[in-house]
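Trainee: Mind having a look at this structure? Questions to follow.
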Amino acid sequence: VATFPEGQVDSLLSIISSQRERFRARNQELEGENRMMQHTVQALQSELDNLRADNIKLYEKIKFLQSYPGRGSSRDDTELRYSSQYEERLDPFSSFSRKERQRKYLSLSPWDKATLSMGRLILSNKTARTIAFFYTLLLHCLVFLVSVRGFRSKTQPRGAGHVLPGPVQRHLPACWVQPWVPGHLCGH
C-alpha cells in the first residue's frame with residue numbers, strides 16, 4: 001500500500017468529495033428530468049387515448065349519417081383505420097374470443113391443425129364445397145354398389161347342389177335360395 005504525505009491525502013480527499021458532490025447534483029438533476037419526462041409521456045398517452053376515443057365517436061357518427069338514404073358511402077383511409085376499432089368497441093368480448101381461439105389452435109396437434117385447415121378451406125369456398133359434396137356422394141354410391149354386389153354374390157347359388165347357410169335362407173325369398181327348384185319361381 002502506497003502512503004501519501006498528509007497534504008496530498010487532504011487534497012485527494014477534497015477532490016474526490018467535490019467530484020462526488022458534482023455527481024450527486026447531476027444525478028438529482030437527471031432524476032428530476034426523468035420524472036418530468038415520465039409525466040410528459042403519461043400526459044401524451046392519456047391525450048392519445050382521448051383522441052382515439054374521439055375519433056371512434058366521430059366514426060360512429062359518420063356511420064350513422066351514412067345510413068340515411070341518398071348518402072354516398074365513399075370510404076377513405078381514415079374511415080378504414082377507425083372502422084375496426086369501432087367494431088371492436090361494439091363487442092367487448094371479441095379480443096378475448098380471438099385470444100382464446102388462438103390459444104386453442106396452438107394447443108392442437110399437427111394432424112388436428114391440418115384437418116381444421118382443410119375444413120376451413122372447404123367451407124370457405126363454394127367450389128370446394130361443391131367438389132366435396134359430389135366426391136362424398138360418389139364414394140357413398142361406390143360403397144353401396146360394392147356392398148350390394150358382394151351381398152348378391154354371396155346369396156346367389158353357384159350351382160344346383162349349392163345350399164346357403166340357415167340364417168341367410170331365413171331372410172331371403174325362396175326363389176333366391178333355391179331358384180332351380182320348381183314352384184319357387186319369383187314372379188314367373
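The values are calculated or read from the model by the stated rules, or taken from the named source; none is laboratory data. Computed from a predicted structure; not experimentally measured. A quick note on method: Cβ atoms are made from the backbone with ideal geometry, for glycine too, and the neighbour counts reach across all protein chains shown. Areas reflect the complete protein model, heavy atoms only, side chains present, ligands, DNA and RNA absent. Shrake-Rupley method; radii C 1.70, N 1.55, O 1.52, S 1.80 Å.
Trainee: Restricting to segment 38-56, name every residue that is over 29 Å from the mean Cα position of the chain (by Cα) and open to solvent by 80 Å² or more (accessible area, probe 1.4 Å).
Mentor: Once the filter is applied, which keeps residues that are over 29 Å from the mean Cα position of the chain (by Cα) and open to solvent by 80 Å² or more (accessible area, probe 1.4 Å), segment 38-56 yields GLN38, HIS39, VAL41, GLN42, LEU44, GLN45, GLU47, ASN50, LEU51.
One line per residue, one yes/no per condition, for (1) modelled with pLDDT under 90; (2) out of contact with any Ser or Thr (no Cβ under 7 Å at 6 or more places or on another chain); (3) within 30 Å of ILE62 (Cβ to Cβ); (4) open to solvent by 100 Å² or more (accessible area, probe 1.4 Å):
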position: ARG89; (1), (2), (3), (4): yes, yes, yes, yes
position: PRO92; (1), (2), (3), (4): yes, yes, yes, no
position: ARG98; (1), (2), (3), (4): yes, yes, yes, yes
position: LEU106; (1), (2), (3), (4): no, yes, no, yes
position: ASP112; (1), (2), (3), (4): no, yes, no, no
position: GLY119; (1), (2), (3), (4): no, yes, no, no
position: ILE122; (1), (2), (3), (4): no, yes, no, no
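Trainee: Report, by residue number, each residue of segment 64-75 that is loosely packed, with under 13 Cβ neighbours inside 10 Å and at pLDDT 70 or above.
Mentor: The answer is PHE64, LEU65, SER67, TYR68.
Trainee: Still on this structure, please answer the following. Kindly provide the set of residues from segment 133-165 that are modelled with pLDDT under 85, part of a helix (DSSP H, G or I) and open to solvent by less than 100 Å² (accessible area, probe 1.4 Å), ordered by number.
Mentor: Across segment 133-165, the qualifying residues are GLY150, SER153, THR155.
Trainee: Right, something else. Which of the following residues is touching a Phe, Trp or Tyr at 6+ places or on another chain (Cβ under 8 Å) and either hydrophobic (A, V, I, L, M, F, W, C) or modelled with pLDDT of 90 or more (or both): LEU12, LEU44, LEU80, LEU30?
Mentor: Going through LEU12, LEU44, LEU80, LEU30 in turn, just one is touching a Phe, Trp or Tyr at 6+ places or on another chain (Cβ under 8 Å) and either hydrophobic (A, V, I, L, M, F, W, C) or modelled with pLDDT of 90 or more (or both): LEU12.
Trainee: Let me ask you something else. Only one of these is surrounded by 10 or more Cβ atoms within 10 Å (Cβ to Cβ) and modelled with pLDDT under 80: PHE23, PHE4. Name it.
Mentor: PHE4
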